[in-house]
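Q: One structure is given below, represented as structure tokens, and several questions about it will come after.
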Amino acid sequence: MLLENIDSPSDLKRLSVAELPKLAAEIRKTIVKTVSETGGHLAPNLGIVELTLAMHYVFDSPKDKFVWDVGHQCYVHKLLTGRRERFKTLRQYRGISGFPKISESEHDVFGAGHASTSISAALGIAQARDTKGENYKVLAVIGDGAMTGGMSFEALNQAGHRGTDLIVILNDNFMSISPNVGAMSFYTNRLAKKVPNWPVYNTVRQDIYYLLSQIPPEQKELVNTVRRLREAALQVLTSGLVFEELGFTYVGPVDGHDVAKLIGTFEAVKKMRGPVLVHVITQKGHGCGYAEDDAPRFHGVAPFDPESGKPVKAKGKPAFQDVFGETLVELVRRNRKIVGITAAMPSGTGTNKLAEAFPENFFDVGIAEQHAVTFAAGMASNGLHPVVAIYSTFLQRAYDQVVHDVCLQNLPVTFAIDRAGIVGDDGPTHHGVFDIAYLRSIPNLAIMSASNEPQLQDMLYTAVRTNAPVAVRYPRGSGPGLPLKTDFKELPPGTAELMKDGNDCVAIGVGVMANACLAAAKESKHSVAVIDPRYLKPLDEKLILEYAKKTGRVLTVEDGVIAGGFGSAVLELLAAKGAEARTHCLGYPDEFIEHGAPDILLAKYGLNKEGILKAIERLCEK
């Protein structure tokens, strides 16, 4: 076994190039075995094995800086940088993260769990290097999916303009989680198919660069003539190479699974100066048959059988995302002015069901949440009702668009906020714990949170019949498993549901937290009322004030941060109305929540049945 002797990149460099394919096979076997037990991102990491090996073989991490985009393809990097022994703890509570993490290793120079950040971060690191007069290489590894995000081009624009010494590696596997969409994806795919031209292209470019270097600077006319010839020649060979136009030296495409070719390419690129883009062609799931055949499903997976790829856990109750997807299809069937929008997450959000049933009513904009929201605003301004399905943590990226383009103009856009609350093993980059706080202050926006499946259906039905912005939030995974509806009903604004009457205390639980409150209340020795608020904004002021006055004790429970969240809204209401009630807010504290299984995290922060019961007892005994 070669891998068992690799504890740092320096150990890797002791191997010959001929030994690296064997090491790559061992790494793939290790990743499949580990991810089959812990869950995680399988296909992206299987596709980047040789590329990561070549990077560490040629460059010198941590002196040279590797910046990973999204970060879900960093498992090979972790195995090579001193975390092999701890790799079995991947994504487990108190184990190593599934993403790059500065506090975890000196080789993780920049954290990432969202897309399209790597070039900006790498450019910033390179600029700091230049400002301090230091000397090392900075590499940004970005997928063609993340290249659909506008932030990538903002960074390319500045890097090309400044001429910064920077290496961007475009890991092109023709997809992000699902197959990529958009003109840029089409463009890179077209480049990949023009492989026969690239040896000629690179030779011509190098020859012209050499010719330019031999011309005395004072002969400006001759220099300009040669430059014009260069541009014309490259135009003929490349049909207009956008990266060259942005100021980058383009190298590629390179076979991303030929480690020897990759090493040769990187050795040449290492000697170059200025911004360079290396276009590498890889295959998601490479080397693992079932992951190659179904890369979208094996992008991120729960534990599975490593031999067959079949899930270990049988499918049970429908996930909220599936309930959302099926309900959206039915709503579109009834009203063809409703459209669905997602940002490169059709399978993750359940909008793939709409894409199959009504493709003309479905839009995947790529990894471009800002564009998705303003695109929706434009549609809404012209008579459609868009439903924008985005994970809570990703909607953060489009906050200004929610405020400026939708809510300020009071346009009828529904935000389907998936993965609200903690998401478990993906950790702080993906926990959806901020959405209540960051949305609650926006005028014109109503916010609802679903506690069960039929309630989610009614909320969506209500939202698409509302001529104003509405946010509907729901968690990852399944709910209580209540039967789905076909006869939807509208939920009047600011109406809550009294789940249980009581005299000693009232527990108000947001979304699925209402179910935990009800379970705790039933076991309490005190008489505890339970309210499912349904609307987080506007509040059901009448019902909340009635029970605050009746019981004199209020417990709020939310799957979000306490600061500025639902509990804050209730406290503001009580203060404004002069209602005297002892109040305690349960939620997440002012810190980023680590990764770990949901039951572990809920217990840690007192948000499970047992924790809520303790809070009720403490509150009632005062």
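Q: Per-residue ellipticity at 222 nm for the chain, helices alone: DSSP H runs ≥ 4 residues times -39500 (n - 2.57), over residue total, nearest 500 deg cm²/dmol?
A: Dividing the helical sum by the residues of the chain leaves -12000 deg cm²/dmol.
Q: I'd like to know which of 92, 31, 128 lies farthest towards the positive end of the charge dipole of the chain, counting +1 on Cβ of Lys and Arg and -1 on Cβ of Asp and Glu.
A: Towards the positive end, the residue furthest out is 92.
Q: Let me ask another. Considering the dipole of the chain built from charges on the beta carbon (Lys and Arg +1, Asp and Glu -1) around the Cα centre, which of 320, 415, 290 is farthest to its positive end?
A: 320
Q: Still on this structure, please answer the following. Can you give the FRET efficiency for residue 404 and residue 597, using 1/(1 + (r/R0)^6), R0 = 25 Å, r = Cβ-Cβ distance, to the nearest 0.05?
A: Given R0 = 25 Å and the Cβ-Cβ separation, E is 0.05.
Q: For residue 485, which aspartates and glutamates qualify as cross-link partners when the Cα separation must be under 16 Å and same-chain residues fewer than eight apart are set aside?
A: Within the straight-line limit of under 16 Å, residue 485 reaches these aspartates and glutamates: 322, 326, 330, 453, 458.
Q: For the pair residue 590 and residue 2, how long in nm is the line joining their label points, each one 7 Å along Cα→Cβ?
A: About 5.1 nm separates the two model spin labels.
Q: Output ³J(HN,Hα) for region 479-485: one whole-Hz value per residue in order, computed from phi by the Karplus curve 6.51 cos²θ - 1.76 cosθ + 1.60 with θ = phi - 60°, and x for Gly and Pro.
A: x, x, x, 6, x, 6, 10
Q: Give the lysines whose C-alpha is closer than 19 Å to that of residue 310, dropping any in the same chain fewer than 8 places away, or say none.
A: Partners within reach: 29, 33, 284.
Q: Could the peptides 569-582, 609-622, 372-385 be put in order, highest first, of the mean number of other beta-carbon atoms found within 10 Å of their residues?
A: 372-385, 609-622, 569-582
Q: Determine the shape class of region 314-405: with a ≥ b ≥ c the square roots of the Cα gyration tensor eigenvalues, call it rounded for a/c under 1.5, and otherwise prolate if a/b is greater than b/c, oblate otherwise.
A: The shape class here is oblate.
Q: Take each of the peptides 486-492, 521-527, average the number of other beta-carbon atoms within 10 Å over its residues, and list them starting from the highest.
A: Order by mean packing, descending: 521-527, 486-492.
Q: Here's something else I'd like to know. Using only C-alpha atoms and all pairs of different ones, pull out the Kirkwood radius for the chain in Å with one decimal.
A: 26.3 Å is the Kirkwood radius here.
Q: Taking the DSSP beta bridges in the chain as the whole, what percent of them are antiparallel, to the nearest 5?
A: Roughly 15 percent of the DSSP beta bridges within the chain come out antiparallel.
Values in this text are rule-based calculations from the coordinates and carry no lab data. Keep in mind that this is a model prediction, so the values were computed, not measured. Cβ atoms come from the backbone with ideal geometry, glycine included; neighbour counts cover every protein chain shown.
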